[in-house]
Every structure is written in structure tokens, then in C-alpha cells.
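Each remark here refers to the structure printed beneath this line.
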Amino acid sequence: EPEVTQTPSHQVTQMGQEVILRCVPISNHLYFYWYRQILGQKVEFLVSFYNNEISEKSEIFDDQFSVERPDGSNFTLKIRSTKLEDSAMYFCASSEGIRTDTQYFGPGTRLTVL
Amino acid sequence: AQSVTQPDIHITVSEGASLELRCNYSYGATPYLFWYVQSPGQGLQLLLKYFSGDTLVQGIKGFEAEFKRSQSSFNLRKPSVHWSDAAEYFCAVGSIFGSGTRLLVRP
């Protein structure tokens with residue numbers, strides 16, 4: 001069964017450094033998402049992406065964040081200058097369509113900012 | 001604005017007992033409702049979803065949920081809980097998630 005994959009599984013970085021989290025969505029899916037989950041808290045929507053542009057973003061997704069689909073398979077989340085409060089689990093998801101379609105989640109990348 | 005409320009932070013049930021996890025939502029139009037399960041250290045797995053039609057939705061692992069528009073609720077149920085059901089359960093309206101309910105299963 002096709003699945004969403006994410007790399008790395010765990011990323012440790014120093015405050016102020018840039019990080020790029022990578023995701024490979026399911027191949028025939030057209031919509032891509034990033035979520036984050038701070039330890040012990042709920043899952044929070046960050047951004048959705050379709051047709052090479054952001055279709056929706058939350059208040060969390062400020063200028064420090066960006067997303068890109070650099071090639072036909074990868075979908076990346078970049079944090080330009082990490083802060084301590086960026087430490088969280090970041091989940092990528094993809095779906096065939098939007099809203100009504102099931103989003104398939106990857107296993108997540110745990111980001112630790114020191 | 002859309003919002004999702006899961007009023008129970010923790011629920012403990014005995015193995016074999018029935019389960020109901022509560023979810024209330026606020027949404028202006030027809031909601032697209034989901035229940036996900038997250039086991040420790042794992043990603044999110046979809047249990048079931050509701051978009052339209054029959055208000056009683058069947059999902060995987062023996063779970064079901066009932067959409068009640070009059071109560072703005074979408075409660076998750078299972079008639080007999082197994083120890084492997086111990087996990088965190090999230091209700092969602094579209095991309096908006098509730099705060100989760102942690103299910104503990106007593107042997």
C-alpha cells in the first residue's frame with residue numbers, strides 16, 4: 001500500500017539555524033499538507049499546497065516558514081531561523097483531492113531545537 | 001470560525017467494555033468530520049470520516065461514529081475495547097483538530 005514518507009525521523013538543530021524537513025507524498029496525490037504537534041498538545045494545521053502554490057495557511061505559518069515542491073516527488077518544509085518553540089513533531093500529509101478526501105499522514109519528523 | 005472540542009482529556013475503560021469518545025464541532029456549513037488514532041510514537045491513522053449520507057459511519061478496527069447535526073457532535077464508539085486500542089484519539093473538522101482524548105485500557 002502506498003504511504004507518505006518523511007525524512008529525517010529526528011532532527012536536532014541549534015536555535016537560529018535553518019532546517020528543511022522532507023516529505024514524499026503518495027504519487028498520485030495532488031494536495032499536500034504540513035501539520036505540527038508540540039509534545040503533549042494537539043495537532044495543528046500549518047499549510048496546504050496545491051498546484052505549486054499555497055492554498056491555505058494558518059496563523060502559525062509565518063514568514064519563518066516556507067514550503068516547496070522542488071521536484072516531482074518531494075515536498076519540503078523550511079524553517080529559516082529556528083526558535084526553541086519550534087520544537088515539535090512535524091507531520092506531512094497528502095490527499096487526492098481537498099477537504100473531502102482522506103489525508104494520509106506520514107510518520108512525522110521530530111524537530112528538537114536547542 | 002471552525003473549532004473542535006474534545007471534552008475528555010483522558011478516559012479509562014476496562015478491556016471488553018464499551019467506549020464512547022465525545023467530539024463537538026463548530027462549523028458554518030456542512031462539516032467534513034474525521035476521527036484519527038495516534039499510537040505512541042506513531043503518525044496519525046484515519047479511523048473513519050463523514051461527509052454526507054448515512055449519519056452512522058463505520059470505520060476500521062470496529063469503530064463507528066454518529067453525526068448528530070442538532071447536537072453538533074460526532075462521537076466515536078466501539079462496543080468492546082481491546083488493549084491494543086490504547087492510544088490518543090483526535091477528532092477533526094477538515095484540517096482543524098481537537099485537543100485529543102487519551103484512551104487507557106485497564107486489563
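The values are calculated or read from the model by the stated rules, or taken from the named source; none is laboratory data. Since we're looking at a predicted model, the values are computed, not measured. All Cβ positions, even for glycine, are placed from backbone atoms using ideal geometry, and neighbour counts span all protein chains on display. Ligands, DNA and RNA are excluded from the accessible area calculation, which covers all protein heavy atoms including side chains. Shrake-Rupley method; radii C 1.70, N 1.55, O 1.52, S 1.80 Å.
Just so you know, in the range A:23-61 the residues that are open to solvent by 10 Å² or more (accessible area, probe 1.4 Å) and within 10 Å of another protein chain (Cβ to nearest Cβ) include one that is modelled with the lowest pLDDT, and it is A:40.
Within the range B:97-104, is even one residue part of a loop (DSSP other than H, G, I, E, B), within 12 Å of another protein chain (Cβ to nearest Cβ), open to solvent by 30 Å² or more (accessible area, probe 1.4 Å) and touching a Ser or Thr at 6+ places or on another chain (Cβ under 6 Å)? No, the range B:97-104 contains no residue that is part of a loop (DSSP other than H, G, I, E, B), within 12 Å of another protein chain (Cβ to nearest Cβ), open to solvent by 30 Å² or more (accessible area, probe 1.4 Å) and touching a Ser or Thr at 6+ places or on another chain (Cβ under 6 Å). Take the conditions (1) in contact (Cβ under 8 Å) with a residue 24 or more places away in the chain; (2) more than 25 Å from residue B:37 (Cα to Cα); residue A:5 misses just one of them, which is (2). Please determine, by comparing only the residues of the range B:32-52 that are under 14 Å from residue B:74 (Cβ atoms), open to solvent by 10 Å² or more (accessible area, probe 1.4 Å) and more than 8 Å from chain A (Cβ to nearest Cβ), which one is modelled with the lowest pLDDT. Step by step, filter the range B:32-52, then rank; the result is B:52.
If you take the residues in the range A:87-114 that are touching a residue at least 60 places away in the same chain (Cβ under 8 Å) and among the charged types (D, E, K, R), which one is farthest from the other protein chains (Cβ to nearest Cβ)? Ranking the qualifying residues of the range A:87-114, first place goes to A:96. If you go through the range A:12-67 and keep only what is in contact with a strand residue (DSSP E or B) (Cβ under 7 Å, 6 or more places away or on another chain), more than 20 Å from residue A:84 (Cα to Cα) and without any contact (Cβ under 8 Å) to a residue 12 or more places away in the chain, you end up with A:56, A:57. Flag not set for residue A:80, criterion: more than 12 Å from chain B (Cβ to nearest Cβ), modelled with pLDDT under 95 and at negative phi.
Residue-wise test of (1) open to solvent by 10 Å² or more (accessible area, probe 1.4 Å); (2) among the polar types (S, T, N, Q); (3) within 18 Å of residue A:3 (Cα to Cα).
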site	(1), (2), (3)
A:80	yes, no, no
A:87	yes, yes, no
A:103	yes, yes, yes
A:111	no, no, no
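Each residue in the range B:60-93 was checked for being outside any strand (DSSP E or B), open to solvent by less than 20 Å² (accessible area, probe 1.4 Å) and either within 14 Å of chain A (Cβ to nearest Cβ) or of a type in the set (Val, Ile, Thr) (or both), and 1 of them qualify.
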